[in-house]
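Here is the structure we will look at.
The values are calculated or read from the model by the stated rules, or taken from the named source; none is laboratory data. What you see is a predicted model, and the numbers here were worked out from it, not measured in a lab. Reconstructed Cβ throughout: ideal geometry from the backbone, glycine too, with neighbour counts over all protein chains shown. These area figures cover heavy atoms from the full protein model, side chains too; ligands, DNA and RNA do not enter into them. Shrake-Rupley method; radii C 1.70, N 1.55, O 1.52, S 1.80 Å.
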Amino acid sequence: MDHDLKATVEFHGRIIKAPDDELLSADTVQIPPPRKAQIHPTFGCQVCGEGFPEICGRTASGLAVCMDCFKKLTERNAWPERV
(Lines give C-alpha, C1' and ligand atoms only; values in the text may rest on other atoms or scores of the structure.)
Protein backbone atom coordinates (compact mmCIF):
# COMPACT_ATOMS: atom_id res chain seq x y z
CA MET A 1 0.00 0.00 0.00
CA ASP A 2 1.49 3.35 -0.95
CA HIS A 3 2.18 5.89 1.82
CA ASP A 4 -0.51 8.42 0.82
CA LEU A 5 -3.20 5.75 0.62
CA LYS A 6 -2.14 4.25 3.95
CA ALA A 7 -2.25 7.69 5.61
CA THR A 8 -5.69 8.37 4.10
CA VAL A 9 -7.08 5.05 5.33
CA GLU A 10 -5.68 5.68 8.84
CA PHE A 11 -7.12 9.22 8.85
CA HIS A 12 -10.58 7.98 7.82
CA GLY A 13 -10.38 5.27 10.48
CA ARG A 14 -9.67 7.90 13.18
CA ILE A 15 -12.65 9.96 12.01
CA ILE A 16 -14.99 6.97 12.06
CA LYS A 17 -13.89 5.97 15.59
CA ALA A 18 -13.78 9.50 17.06
CA PRO A 19 -16.41 10.52 19.62
CA ASP A 20 -19.07 12.94 18.39
CA ASP A 21 -17.90 15.82 20.61
CA GLU A 22 -14.49 15.76 18.92
CA LEU A 23 -16.03 16.00 15.43
CA LEU A 24 -19.08 18.20 15.92
CA SER A 25 -19.93 21.38 17.73
CA ALA A 26 -23.06 23.46 17.98
CA ASP A 27 -23.24 27.12 18.90
CA THR A 28 -26.11 29.53 19.30
CA VAL A 29 -25.96 32.34 16.77
CA GLN A 30 -27.88 35.57 16.49
CA ILE A 31 -29.48 35.99 13.06
CA PRO A 32 -31.57 39.09 12.41
CA PRO A 33 -35.16 38.33 11.40
CA PRO A 34 -35.98 38.69 7.70
CA ARG A 35 -37.66 41.84 6.48
CA LYS A 36 -41.43 41.77 6.23
CA ALA A 37 -42.78 40.74 2.86
CA GLN A 38 -43.86 43.55 0.60
CA ILE A 39 -47.58 43.24 -0.06
CA HIS A 40 -48.86 44.29 -3.48
CA PRO A 41 -52.49 44.86 -4.45
CA THR A 42 -54.28 42.06 -6.31
CA PHE A 43 -55.84 42.72 -9.70
CA GLY A 44 -58.14 40.53 -11.78
CA CYS A 45 -57.00 39.58 -15.27
CA GLN A 46 -59.35 41.17 -17.80
CA VAL A 47 -58.99 38.13 -20.08
CA CYS A 48 -59.24 35.05 -17.81
CA GLY A 49 -60.43 36.66 -14.56
CA GLU A 50 -57.68 35.15 -12.39
CA GLY A 51 -56.22 37.34 -9.64
CA PHE A 52 -52.55 38.33 -9.76
CA PRO A 53 -50.25 40.67 -7.78
CA GLU A 54 -49.89 44.10 -9.34
CA ILE A 55 -46.17 43.63 -10.05
CA CYS A 56 -46.80 40.38 -11.97
CA GLY A 57 -49.29 41.83 -14.43
CA ARG A 58 -48.89 43.40 -17.84
CA THR A 59 -50.90 45.84 -19.90
CA ALA A 60 -51.97 44.59 -23.29
CA SER A 61 -54.14 46.61 -25.64
CA GLY A 62 -55.35 48.68 -22.71
CA LEU A 63 -56.23 45.62 -20.60
CA ALA A 64 -54.63 44.51 -17.33
CA VAL A 65 -53.68 40.86 -17.91
CA CYS A 66 -51.88 38.13 -15.96
CA MET A 67 -48.53 36.81 -17.17
CA ASP A 68 -50.06 33.59 -18.54
CA CYS A 69 -52.54 35.48 -20.71
CA PHE A 70 -49.86 37.98 -21.75
CA LYS A 71 -47.60 35.12 -22.93
CA LYS A 72 -50.44 33.41 -24.78
CA LEU A 73 -51.51 36.63 -26.44
CA THR A 74 -48.00 37.64 -27.48
CA GLU A 75 -47.14 34.15 -28.79
CA ARG A 76 -50.19 34.11 -31.04
CA ASN A 77 -50.23 37.88 -31.54
CA ALA A 78 -53.97 37.57 -30.77
CA TRP A 79 -54.83 40.64 -28.77
CA PRO A 80 -58.42 40.75 -27.50
CA GLU A 81 -60.69 43.56 -28.48
CA ARG A 82 -61.02 46.31 -25.88
CA VAL A 83 -63.71 45.62 -23.34
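Give the range of the longest stretch in the chain that excludes all GluC sites (Glu not before Pro) found in loop regions by DSSP and having at most 14 other beta-carbon atoms within 10 Å. List each step's numbers first, then the result.
Details: sites that count: E50, E81.
The answer is 1-49.
Within the chain, the longest run free of exposed loop sites, counting trypsin sites (Lys or Arg not before Pro) that sit outside DSSP helix and strand states (H, G, I, E, B) and have at most 12 other Cβ atoms within 10 Å, spans 37-81.
Rolling a 1.4 angstrom probe over the protein heavy atoms with all chains in place gives the chain an accessible area of 91 Å² per residue.
GNM on the chain, C-alpha springs below 10 Å: top fluctuator among V65, V47, V29? Checking each option, the largest mean-square fluctuation is seen for V29. Tilt of helix 3-17 relative to the longest C-alpha principal axis of the chain, in degrees (0 to 90, nearest 10)? Here the helix axis deviates by roughly 80 degrees.
Counting only Cα atoms, the size of the chain along its three principal axes is 80, 38, 15 Å, in decreasing order. The angle between the Cα long axis of helix 67-76 and the longest principal axis of the Cα atoms of the chain comes to about 70 degrees, rounded to the nearest 10.
Could you work out the helix-only [θ] at 222 nm for the chain, with each DSSP H run of four or more residues adding -39,500 (n - 2.57) and the total divided by the number of residues, to the nearest 500 deg cm²/dmol? Let's see the in-between values first.
On the way: 3 runs with 29 residues, N = 83.
Mean residue ellipticity, 222 nm, calculated: -10000 deg cm²/dmol.
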